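Colleague: Before I ask anything, let me first share the structure, which is written out below as structure tokens.
The values are calculated or read from the model by the stated rules, or taken from the named source; none is laboratory data. Owing to the predicted nature of the structure, the values given are computational and were not obtained by experimental measurement. Cβ placement follows ideal geometry from the backbone for every residue including glycine, while neighbour counts extend to all protein chains displayed. Accessible surface areas use protein heavy atoms only, side chains included; no ligands, DNA or RNA. Shrake-Rupley method; radii C 1.70, N 1.55, O 1.52, S 1.80 Å.
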Amino acid sequence: MFLDSYYSNNDGELSFTREQASHFAKRVAGDFNPIHDEDNKRFCVPGDLLFSVLLANVGLSQKMRFEFAGMINESSCLLIDIKSPTELAVIDCKGKVYMDVIRSGETTTDNVLISQVTKNYVQFSGMNFPHIMVPLMKSKDIMINPTRPLVIYECMELDFTRLDLTAPTVELTDSIIEVEGKRGSVTLHFCFKENGEIVGTGSKRMLMSGLKPYCQDGIDDLVSRFNERKDKFNAINR
């Protein structure tokens, strides 16, 4: 699968190097959040990479809910703990939980379909900033800290009506922002389409902290630095 170069699986133990996780974020997701940079002191593995690797290893079910419980770095050694046919978790060797998953309905292990679903979803997910996040923050007159931007996954859900699919695409259907003091959340609702038919829906919720009053100059600088990082990476990795 396309994921093979972005993680290692050693007899069921999953791990990620900084380079693997950073290149997945940038090459696959178009995500240039500094927290995924190889040299960042606060480096963490993208939640979208963990989600993708999980599906590659356990399959895609009609209904799935993922709850993210911790940030993963290059020293994390992970295992998939299958508690029951409907419940599983991603844990480290000491039993710490990094993701809880609940699933139901039919399950497919079709690698081609799973690759299509994860690629299309992750590319959609990577468009969060600036295309979706900036207008939402402006609507509430708040913004993330431009010097230490931090947006993390809390949970996501998938709900397919059927799995006899080939290449479902992903489209945004709604976006909601909620703010309470210096903390807030963004929930994105989306659908999966194949040949013009809606074949599934989904949502993901992200948490924000350290919020500040909206400042257009600050946002412009943040977006400019984002684009510069993207252009620089793409120029080196053509």
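Colleague: How far is the Cα center of the range 53-92 from the Cα center of the range 161-238, in Å?
Modeller: 22 Å
Colleague: Another question, then. Would you mind telling me the share, in percent, of accessible area of the range 8-237 contributed by carbon and sulfur at probe 1.4 angstrom?
Modeller: Values: 5360 of 11170 Å².
Roughly 48 percent of what the probe reaches on the range 8-237 is carbon or sulfur.
Colleague: Then there's this: Could you work out [θ]222 nm for the chain from helices alone, using -39500 (n - 2.57) per DSSP H run of at least four and dividing by all its residues? Round to the nearest 500 deg cm²/dmol.
Modeller: Calculated mean residue ellipticity at 222 nm is -8000 deg cm²/dmol.
Colleague: Further question: Suppose the chain between residue 223 and residue 201 were pulled fully straight at 0.36 nm per residue; how much longer would it get relative to their current alpha carbon spacing?
Modeller: Additional length available on full extension: 5.0 nm.
Colleague: If you don't mind, there's one more thing I want to ask. Give me a comma-separated list of calculated 3J(HN,Hα) values for the range 181-189, in order, Karplus coefficients 6.51, -1.76, 1.60 applied at θ = phi - 60°, integers in Hz, x for any Gly or Pro.
Modeller: Couplings: x, 8, 10, x, 9, 10, 10, 10, 10 Hz.
Colleague: Karplus couplings for the range 78-86 from phi (6.51 cos²θ - 1.76 cosθ + 1.60, θ = phi - 60°), rounded to Hz, Gly and Pro as x?
Modeller: Once θ is set to phi - 60°, the couplings for the range 78-86 become 10, 10, 9, 9, 8, 6, 7, x, 10 Hz.
Colleague: I've got another one for you. Taking amide H positions as placed in the peptide plane 1.01 Å from N, state which residues far from residue 199 in sequence (5 or more) or on other chains have amide H under 5 Å from it.
Modeller: Under 5 Å from the amide H of residue 199 lie the amide H atoms of 192, 193, 194, each far enough along the sequence or on another chain.
Colleague: For the range 210-227, what does the Karplus curve 6.51 cos²θ - 1.76 cosθ + 1.60, with θ = phi - 60°, yield as ³J(HN,Hα) per residue in whole Hz, taken in order and with x for Gly and Pro?
Modeller: Result, rounded to whole Hz: x, 5, 10, x, 4, 9, 4, 4, x, 5, 4, 5, 5, 5, 4, 5, 4, 5.
Colleague: Next question. In percent, what relative contact order does the chain have, based on Cα pairs under 8 Å that are 6 or more apart in sequence?
Modeller: On the way: 433 pairs, mean separation 42.4, N = 238.
The value is 18 percent.
Colleague: Taking 0.36 nm per residue of separation and subtracting the Cα-Cα distance, what length does fully extending residue 110 through residue 123 add?
Modeller: Extra length available between residue 110 and residue 123 comes to 2.7 nm.
Colleague: I would also like to ask the following. I need the calculated FRET efficiency for the pair residue 5 and residue 150, taking r as the beta carbon distance and R₀ as 30 Å, to the nearest 0.05.
Modeller: For R0 = 30 Å, the calculated efficiency reads 0.65.
Colleague: Sticking with this one: For the chain, what is the accessible area per residue in Å² when the probe is 1.4 Å?
Modeller: Solvent-accessible surface per residue comes out at 49 Å².
Colleague: Okay, which of the range 97-119 sit inside 18 Å, backbone N to the point 7 Å along the Cα-Cβ direction of residue 237?
Modeller: Inside the label zone: 119.
Colleague: Filter 83/230; 41/63; 94/140; 83/140; 140/230 down to the pairs with a C-alpha to C-alpha distance above 32 Å, please.
Modeller: 83/230; 41/63; 94/140; 83/140
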